[in-house]
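Novice: There's a structure below that I have some questions on.
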């Protein structure tokens, strides 16, 4: 986590692919995905293949740009996340998951965060009728199950990666929910550490790293302010301005692994929230038509697969957690 | 049928025009589009005997006894003169050489005819901030490469480069607007990651302006006249209507966007969340609740709030909006009462010379926006027109501010203006 030379991708793709670290990483990642699949399937979840293009996608935030494609004369988007289709999927199944490819043109300022890729995958989960708490429990189980599987089965790969299995001792030993703090607690804590943090916004990269590096196992941050997230994170009806959502933060400075929430599902609420996030409801026609017809209340989350891989494999930068890295602003293979 | 009726004292000619041309008569002749700048009349003339613009009707009233001049005398150890007025002003987080900035002119054909780039160059050279208007990307394109005869070559990056090529270090800045339709094109996301914007971003000279409305047509979105071929290309993103009936031109309208207190507050917070390295500006129409909207914007963290008086505008607007819709700038400033305590308030609407700017500053504005004046100046001389206009304006400001016994624009206050018929400004 300290080698500055590792913060930028290798000069060539062949060099990256020949690197033993990359081969070990791929095996770790495959084990993570297999563990998650087995765990979720055993819990009654159905896996769907997610779409790659659509007329509209997750508007995201923090300055990341979508990729437009020409779809027979219409502007379509590559998926930045599967959120809209995850909600739609609940019309068919109550508990779904998918491993979804996403593309986001992240702002250049993320090039040095060690944890932003332009092309990445999310392990997406959505559960009809579930509370935020239900979703957080599922998220914790996936992370713990994946880490346990890698530690149990891939001792040699962890050795190649230089990852001490003892890093997961606290995660695997304690049979208790991950610690939780609210966004307001996180802001106050950062203030005590001398780090100014806008209370109305996302925890910034530096602030998140400060909190992460002090932990020895993953922890949740809940209740983000409304102005920090997209329209689909549900606003707490009892606490206007506060979202019923969460992030899971990895320890040791690895930072955010997961974002999730209870979802807005009421048509009028969604339209108002779209305006609050500066969106043009007209471009969400298919989605709003569907919502108007009724969709289930739900909770869900997305796990950054490369981020989780980076954490479990103990890699310096997230680009090392993909065979074909694309980092913000860097023209590469 | 031959007209035989007459109706002296009634708007007979206007009624007959409407009877002849239908909905086209709601707008100025579209043949003037691209050649004429529109806005409220303001001046009293024989042809237009309406009331004098309320801001113009105010008088600047120097005192006899000047304690601030004494302070300056002590500081300088000599009698101060107008050259001692320091016009340097913080405008929405930017350092400006004068309390003025260039207002937005967006996809309007006038602004796009090369004048936009000329204004950008000169504003940069002068070290004053500039706002780049909405709807350029969807209509003109990002780089200008998508330009057609209809839309000229004023792409958003061309204007940015023109400004940046001339701006001195440490002063100036650019604010980019984004309309609802621009949001589909993600203009702010594009700019935030554009390699050519990184220098301004790194030096704190880049802002995003949320356009809630504008002075020329409060309650409506942007309107321009476009050719029918362009209209076909834009139809997926804009409302287009054939109001002119000539088969060649149509009216293109943007949606004004829906705002409530909560929508305004959250959009500003979301901008701050998404673009932590950019300043956040907000432009308001001259609405009756402008005080509430201004307060919400500042509370949510806006670095500047612009109030565009009903006198403002360079683009196309329905005729009733020129003289009958929206609060005059003076009334907006009275309602906002920014002289009491405030964030940065910017004012625009018929600004072109020093006295009107000084009156706006006295009523609480931090700076004034030049819209039509900037376009006319670069039309007069694309190389130096705006320089020269600003030379007049800044000299006038120095003369006026020093005459009021003050030596900085921020020192102006309501005490410096007087409304005829009142003992004192009622604010």
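Novice: Tell me whether chain A comes out rounded, prolate or oblate; compute the Cα gyration tensor, take square roots of the eigenvalues as a ≥ b ≥ c, and use a/c under 1.5 as the rounded threshold.
Specialist: Taking the square roots of the gyration eigenvalues as a ≥ b ≥ c, chain A is rounded.
Novice: So what is the relative contact order for chain A, in percent, with contacts set as C-alpha pairs under 8 Å and at least six apart?
Specialist: Relative contact order comes out at 24 percent.
Novice: Sticking with this structure for a sec: In what sequence do B:86, A:200, A:124 fall when counting other Cβ within 10 Å, fewest first?
Specialist: If I rank by nearby Cβ atoms, fewest first, I get B:86, A:200, A:124.
Novice: Also, I was wondering about something else. Can you classify chain B as rounded, prolate or oblate using the Cα gyration tensor, where a ≥ b ≥ c are the square roots of its eigenvalues, rounded means a/c under 1.5, and otherwise it's prolate if a/b beats b/c and oblate if not?
Specialist: Here chain B falls in the oblate category.
Novice: Could you work out the mean count of beta carbons from other protein chains within 10 Å of each residue's beta carbon in B:256-268?
Specialist: The shielding value for this peptide is 4.
Novice: What FRET efficiency, computed as 1/(1 + (r/R0)^6) with R0 = 35 Å and r the Cβ-Cβ distance, is obtained for residue B:236 and residue B:261, rounded to the nearest 0.05?
Specialist: Result of the calculation: an efficiency of 0.65.
Novice: Counting only other chains, what is the mean number of Cβ atoms within 10 angstrom of the Cβ of each residue in peptide A:268-278?
Specialist: 5
Novice: Next up: Out of every Cα pair in the protein assembly as shown, what percent are spaced more than 45 Å from each other?
Specialist: 32 percent
Novice: Also, I was wondering about something else. Looking only at the range B:159-196, which residues have a backbone nitrogen under 17 Å from a spot 7 Å from the Cα of residue A:71 in the C-beta direction?
Specialist: Those under the cut-off are B:184-186.
Novice: Fewest to most neighbouring Cβ within 10 Å: what's the order for A:286, B:298?
Specialist: A:286, B:298
Novice: Next up: In whole angstrom, note down how far apart the Cα centers of the range A:27-57 and the range A:94-167 are.
Specialist: With the range A:27-57 and the range A:94-167 each reduced to a Cα centre, they are spaced 11 Å.
Novice: To the nearest Å, what is the center-to-center distance of the range B:333-351 and the range B:203-221, using C-alpha atoms only?
Specialist: 15 Å
Novice: Another question about this same structure. Please compute the average number of Cβ atoms from other chains found within 10 Å of each residue's Cβ in peptide B:189-195.
Specialist: That works out to 6 on average.
Novice: Still on this structure, please answer the following. Gain in length, residue A:292 to residue A:47, computed as 0.36 nm per residue apart minus the alpha-carbon separation, to one decimal in nm?
Specialist: Separation in residues times 0.36 nm, less the Cα-Cα distance, equals 85.6 nm.
Novice: Still on this structure, I have one more. Just subtract the alpha-carbon distance of residue B:419 and residue B:196 from 0.36 nm times their residue separation and send over the number in nm, one decimal.
Specialist: Full extension of this stretch gives 75.5 nm more.
Novice: May I pose another question? What ranking do A:259, A:191, B:103 get, fewest neighbouring Cβ atoms within 10 angstrom at the top?
Specialist: Going from sparsest to densest Cβ surroundings: A:191, A:259, B:103.
Novice: Just need the relative contact order of chain B here, percent rounded to a whole number, with Cα pairs under 8 Å and 6+ apart.
Specialist: Relative contact order, chain B: 21 percent.
Novice: Per DSSP H run of n ≥ 4, the term is -39500 (n - 2.57); total these for the protein assembly as shown, divide by its residue number, and report the mean residue ellipticity at 222 nm rounded to 500 deg cm²/dmol.
Specialist: Using -39500 (n - 2.57) per qualifying helix, the result is -10000 deg cm²/dmol.
Novice: So, one more: Classify the range B:319-427 as rounded, prolate or oblate, taking a ≥ b ≥ c as the square roots of the eigenvalues of its Cα gyration tensor: rounded when a/c is under 1.5, otherwise prolate if a/b is larger than b/c and oblate if not.
Specialist: oblate
Novice: Determine the distance separating the Cα centre of the range A:188-260 from the Cα centre of the range B:377-397; give it in Å without decimals.
Specialist: Centre-to-centre (Cα) distance: 50 Å.
Novice: Ok, one more. In nanometres, what is the gap between the two model label sites at residue B:21 and residue A:182, each 7 Å from Cα along Cα-to-Cβ?
Specialist: For residue B:21 paired with residue A:182, the spin-label model returns 6.1 nm.
Every number in this text was worked out from the coordinates using simple rules, so none of it is lab data. This one's a predicted model, so the numbers in the text were calculated from it and none came from an experiment. Virtual Cβ from ideal backbone geometry, glycine too; neighbours counted across all protein chains shown.
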